[in-house]
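Structure, as structure tokens:
The values are calculated or read from the model by the stated rules, or taken from the named source; none is laboratory data. Only a predicted model underlies this, so the values are computations on that prediction, with no experimental measurement involved. Here Cβ is always computed from backbone atoms with ideal geometry, including for glycine, and neighbour counts include all displayed protein chains. Quick note on the areas: whole protein, heavy atoms, side chains included, nothing else; ligands and nucleic acids left out. Shrake-Rupley method; radii C 1.70, N 1.55, O 1.52, S 1.80 Å.
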Amino acid sequence: MSWITTILLLTGLAGLWRILRGPTLVDRLLSVQMLGTTGITVLLVMAQWQETAVWRDVALVLALLAAVITAALVQLLRPASQQQKREEEDSA
């Protein structure tokens, strides 16, 4: 159980590092998805460890929220990425 926790902790730290240092918005968006997936996995491990169904329900809600948040962030970032592409084309 401890090695699973260690791997999840390292995955979470890698996601946080990528959010802070990601060179592009896409890298940051993927890192947010990775953090959501890591959180869901932590909740599922807790559910298995404690043998309670409550954590599975919370993980399901978090999975649904992560999907909605990802779709919202893509829509929010789409105009910005198109504008950057136009600026790069104009400067070239």
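Numerical summary
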| quantity | calculated |
| --- | --- |
| Probe 1.4 Å, all protein chains present, accessible-area order of 17, 49, largest first | 49, 17 |
| Cα-derived Rg to Rh of the chain, Kirkwood definition | 1.14 |
| Lys, Arg +1 and Asp, Glu -1 on Cβ, resulting dipole of the chain about Cα centre, debye, nearest 20 | 80 |
| Principal-axis tilt of helix 54-91 within the chain, Cα atoms, nearest 10 degrees | 10 |
| Extension gain from residue 69 to residue 57, taking 0.36 nm per residue of separation minus the Cα-Cα distance | 2.5 nm |
| Per residue accessible area of segment 1-46, 1.4 Å probe, in Å² | 66 |
| Formal net charge of residues neighbouring residue 17 (Cβ-Cβ distance under 12 Å; K, R +1; D, E -1) | +2 |
| Carbon + sulfur, % of accessible area of segment 14-92 - ligands and nucleic acids excluded, 1.4 Å | 66 |
| Stretch gain in nm, segment residue 85-residue 37, where the contour uses 0.36 nm per residue and the Cα spacing is subtracted | 14.3 nm |
